[in-house]
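The values are calculated or read from the model by the stated rules, or taken from the named source; none is laboratory data. The structure displayed is predicted, hence computed values, not measured ones. Neighbour counts are summed over all protein chains in view; Cβ atoms, including those assigned to glycine, are modelled from backbone coordinates with ideal geometry. What goes into the accessible areas is simple: the full protein's heavy atoms, side chains included, and nothing from ligands, DNA or RNA. Shrake-Rupley method; radii C 1.70, N 1.55, O 1.52, S 1.80 Å.
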Amino acid sequence: MRPHVIIYTDGGASPNPGLGGWAAILYSPAHDKEREIYGGEHDTTNNRMELTAAIKALEALKTPCDVDLHTDSSYLQNAFVKRWLYNWKRKGWKTSTGGDVLNRDLWERLDELTHIHGVKWHWVKGHSGDERNNRCDELVHIARNEL
């Protein structure tokens, strides 16, 4: 049986595009241990930071895990739940309207990681009182301020 990990992620840029930050909280219920990770980038976008947060969180796992990943980004969640990512790949990385998929490099890396880990995607409303989502938002601001 694979370890179970609960992950919360967030990302943002201000202005958009502009200074960006990403953050993740990784929680192991079996060990009751929590780890926070975060970072930032210059000249980036909200969506790139949301994707980066999920990537960095999954990359931080040392072994294949069963993951409950919580995000306030419907863009990120819908790519998996509504199978947008599958359709983009099937269409040669084209959107439903025929345009190029933005952030393809990050989507490809995230796709690789979701084949290593069993990820269940959960959407959480941002700024709604969810403790870990709120903490991720705080870490995003810390990351941006450290740039």
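Could you tell me whether the range 120-142 includes any residue that is at pLDDT 95 or above, in contact with a helix residue (DSSP H, G or I) (Cβ under 6 Å, 6 or more places away or on another chain), assigned to a helix (DSSP H, G or I) and within 19 Å of G20 (Cβ to Cβ)? Within the range 120-142, none of the residues are at pLDDT 95 or above, in contact with a helix residue (DSSP H, G or I) (Cβ under 6 Å, 6 or more places away or on another chain), assigned to a helix (DSSP H, G or I) and within 19 Å of G20 (Cβ to Cβ). Look at the range 44-71: where a residue is farther than 11 Å from T9 by Cβ and charged (D, E, K, R) and a partner is open to solvent by less than 30 Å² (accessible area, probe 1.4 Å) and part of a helix (DSSP H, G or I), sitting 6+ places away or on another chain with Cβ atoms under 9 Å, you get R48/L106; E59/L113. In the condition set (1) open to solvent by less than 30 Å² (accessible area, probe 1.4 Å); (2) touching a helix residue (DSSP H, G or I) at 6+ places or on another chain (Cβ under 7 Å); (3) under 22 Å from G18 (Cβ atoms), L58 is compliant with all but (3). Restricting the search to the range 79-114, which residues are more than 20 Å from T44 (Cβ to Cβ), in a helix (DSSP H, G or I) and either open to solvent by 90 Å² or more (accessible area, probe 1.4 Å) or touching a strand residue (DSSP E or B) at 6+ places or on another chain (Cβ under 8 Å) (or both)? F80, V81, Y86, W88, R90, E112, listed by residue number.
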